[in-house]
1. With (1) of a type in the set (A, V, I, L, M); (2) in a helix (DSSP H, G or I); (3) modelled with pLDDT of 75 or more as the list, and V104 as the residue in question, which single condition is left unmet?
2. Looking only at the stretch 41-61, count every residue that is free of Cβ contacts under 8 Å to residues at least 12 places away in the same chain and over 22 Å from G150 (Cβ atoms) and tell me the total.
3. Looking only at the stretch 187-204, count every residue that is over 20 Å from D144 (Cα atoms) and of a type in the set (A, V, I, L, M, F, W, C) and tell me the total.
4. Of all the residues that make up the stretch 18-40, how many are closer than 20 Å to S145 by Cα and touching a residue at least 12 places away in the same chain (Cβ under 8 Å)?
5. Report whether or not D122 is in contact with a Pro (Cβ under 8 Å, 6 or more places away or on another chain) and among the acidic types (D, E).
6. Out of all the residues in the stretch 205-224, is one or more in contact with a Gly (Cβ under 6 Å, 6 or more places away or on another chain), of a type in the set (F, W, Y) and either surrounded by 17 or more Cβ atoms within 10 Å (Cβ to Cβ) or under 19 Å from K142 (Cα atoms) (or both)?
7. Take the residues in the stretch 4-59 that are of a type outside the set (K, R), over 27 Å from Y201 (Cβ atoms) and open to solvent by 70 Å² or more (accessible area, probe 1.4 Å); name whichever of them is modelled with the lowest pLDDT.
Amino acid sequence: MLTTKQKELLLFIHERIKADGVSPSFDEMKEALNLASKSGIHRLIVALEERGFIRRLANRARALEVLKMPDSATPAAPPRGRQTFRPSVVGSQKPLMGQNTIPVLGRIAAGVPIAAIQNEVDRVTPPEEYADSEAHYALEVKGDSMIEAGILDGDIVILKRTDSANSGDIVVALIDDEEATLKRLRKKGESVALEAANPAYETRIFGPDRVQVQGRLVALIRKYE
């Protein structure tokens, strides 16, 4: 017999894996269940694991597997206000004559100086809908701060040039006119939160005058060896 919260979490995990192919992060689960801390989510996961409904897989990020569902389970409704980025991933390819390309303006990582992403270092051929170099540009991802959003070290992210974004969008944010970072943007009242997709990184909160959006993530290109 599951408690209401245990069942709610199990349904949420099940629907997210079915929709995205990966289980939600602790932050996403905490927000969906409207809990105050990740420790509450941890207790629910332990209870579900002890009852044989889920199992945790070792050495994998977001490694939850649903083993069974309660008999009375019904499809879970989408979490309140949740916006999920599902990257459009294409294999790497060299630009060909006549193809439209966009500039790669350097590498983006947690805390990279803005000067590191201002000069063109390469060009890539994006999906056709993002091939306008006036409207889009690309950056190479360095590090693992966004792995739980499906963005890996070495990926080329394609960004729409914009100075505005909705809460939940993944953006390139410029902090204090000095530091650039790729993070999920959250608007919290008068403050702006920049949220990593990796529990090893803390969410950073700033006043609105300290953060400028430099682009919104629309797709990525992955290199396959």
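The values are calculated or read from the model by the stated rules, or taken from the named source; none is laboratory data. The structure displayed is predicted, hence computed values, not measured ones. Cβ atoms come from the backbone with ideal geometry, glycine included; neighbour counts cover every protein chain shown. Calculation scope for accessible area: heavy atoms of the full protein, side chains included, ligands and nucleic acids excluded. Shrake-Rupley method; radii C 1.70, N 1.55, O 1.52, S 1.80 Å.
1. Failing condition for V104: (2).
2. Here is the first cut: in the stretch 41-61, the residues free of Cβ contacts under 8 Å to residues at least 12 places away in the same chain are 43, 46, 49-50, 56-60.
Filter again for over 22 Å from G150 (Cβ atoms), leaving 43, 46, 49-50.
Number satisfying all stated conditions: 4.
3. Step one: list which residues in the stretch 187-204 are over 20 Å from D144 (Cα atoms), which gives 187-192.
So of that shortlist, the ones also of a type in the set (A, V, I, L, M, F, W, C) come out as 192.
Qualifying residue count, the stretch 187-204: 1.
4. Here is the first cut: in the stretch 18-40, the ones closer than 20 Å to S145 by Cα are 20-31, 38.
Remaining after also requiring touching a residue at least 12 places away in the same chain (Cβ under 8 Å): 20, 22-29, 31, 38.
Going through the stretch 18-40 one residue at a time, the tally reaches 11.
5. Numbers: in contact with a Pro (Cβ under 8 Å, 6 or more places away or on another chain): yes; among the acidic types (D, E): yes.
So D122 fits the description; yes.
6. Yes, some residue in the stretch 205-224 is in contact with a Gly (Cβ under 6 Å, 6 or more places away or on another chain), of a type in the set (F, W, Y) and either surrounded by 17 or more Cβ atoms within 10 Å (Cβ to Cβ) or under 19 Å from K142 (Cα atoms) (or both).
7. Result: E50.
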